[in-house]
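In what follows, a single structure is set out as structure tokens and then discussed.
The values are calculated or read from the model by the stated rules, or taken from the named source; none is laboratory data. Small disclaimer: the values here were computed from a predicted structure and weren't measured. Methodologically, a virtual Cβ is constructed for each residue, glycine included, from the backbone with ideal geometry; neighbour enumeration extends over all protein chains shown. What goes into the accessible areas is simple: the full protein's heavy atoms, side chains included, and nothing from ligands, DNA or RNA. Shrake-Rupley method; radii C 1.70, N 1.55, O 1.52, S 1.80 Å.
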Amino acid sequence: QVQLVESGGGLVQAGDSLRLSCAASGRTFSSYAMGWFRQAPGKEREFVAVISRSGDITDYAVSVRGRLTISRDNAKNTLYLQMNGLKPEDTAVYSCAASRDVFSTTPHSYPYWGQGTQVTVSS
């Protein structure tokens with residue numbers, strides 16, 4: 001199993017940047033594909049970005065492509081989401097998730113989740 005803890009959220013203005021981090025426990029972080037998902041009030045959880053075990057393959061939701069960048073440091077057991085050019089519609093709780101089995105954009109493919117960190121973007 002792996003335990004995940006997100007940090008780095010906050011209240012920012014439109015156009016600002018934030019970097020989210022997701023710290024993973026255990027010694028097998030590099031065995032997991034990792035994803036970022038978000039959920040806004042009253043909406044379903046949606047895919048943001050995913051990265052392969054080695055970090056050489058990534059995929060993004062169309063709405064964030066070119067503004068958000070997913071990366072990982074397997075030596076530090078940490079996943080990142082660099083968020084630039086933030087928009088009010090990016091406001092949501094952002095959660096990281098881990099999967100041993102698949103490289104996926106669907107939430108139900110991920111058995112392990114962090115508790116989430118709030119990102120609020122004011123206009």
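With Arg38, Arg72, Arg53, Arg67 as the choices, which residue is of a type in the set (D, E, K, R) and either within 10 Å of the chain's Cα centre (by Cα) or open to solvent by less than 30 Å² (accessible area, probe 1.4 Å) (or both)?
Of Arg38, Arg72, Arg53, Arg67, the one residue that is of a type in the set (D, E, K, R) and either within 10 Å of the chain's Cα centre (by Cα) or open to solvent by less than 30 Å² (accessible area, probe 1.4 Å) (or both) is Arg38.
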Mind checking which residues of region 19-38 are farther than 17 Å from Tyr60 by Cβ and not aliphatic (A, V, I, L, M)? Ser21, Ser25, Gly26, Arg27, Thr28, Phe29, Ser30, Ser31, Tyr32
In region 90-103, how many residues are within 13 Å of Gln118 (Cα to Cα) and out of contact with any Cys (no Cβ under 7 Å at 6 or more places or on another chain)? 6
Which condition number in (1) surrounded by fewer than 17 Cβ atoms within 10 Å (Cβ to Cβ); (2) touching a helix residue (DSSP H, G or I) at 6+ places or on another chain (Cβ under 8 Å); (3) not basic (Lys, Arg) is the one that Phe47 fails? (1)
Might you check whether a residue that is farther than 20 Å from Thr120 by Cβ and basic (Lys, Arg) occurs anywhere in region 77-99? no
Give me the pairs: first residue in region 20-42 and more than 14 Å from Gly55 (Cα to Cα), second residue open to solvent by 40 Å² or more (accessible area, probe 1.4 Å) and of a type in the set (Lys, Arg), beta-carbon distance under 9 Å, and six or more apart or on different chains, which are they? Ala23/Lys76; Thr28/Arg100; Phe37/Arg45; Arg38/Arg45; Gln39/Arg45
Go through region 75-106 and give me each residue that's open to solvent by 40 Å² or more (accessible area, probe 1.4 Å), farther than 15 Å from Val5 by Cβ and within 12 Å of the chain's Cα centre (by Cα). Gln82, Thr105
Quick check: anything in region 9-24 within 25 Å of Val121 (Cα to Cα), of a type in the set (Ser, Thr, Tyr) and open to solvent by less than 50 Å² (accessible area, probe 1.4 Å)? yes
Residues being closer than 17 Å to Tyr94 by Cβ and either open to solvent by 50 Å² or more (accessible area, probe 1.4 Å) or out of contact with any Lys or Arg (no Cβ under 7 Å at 6 or more places or on another chain) (or both) - total across region 25-35: 1
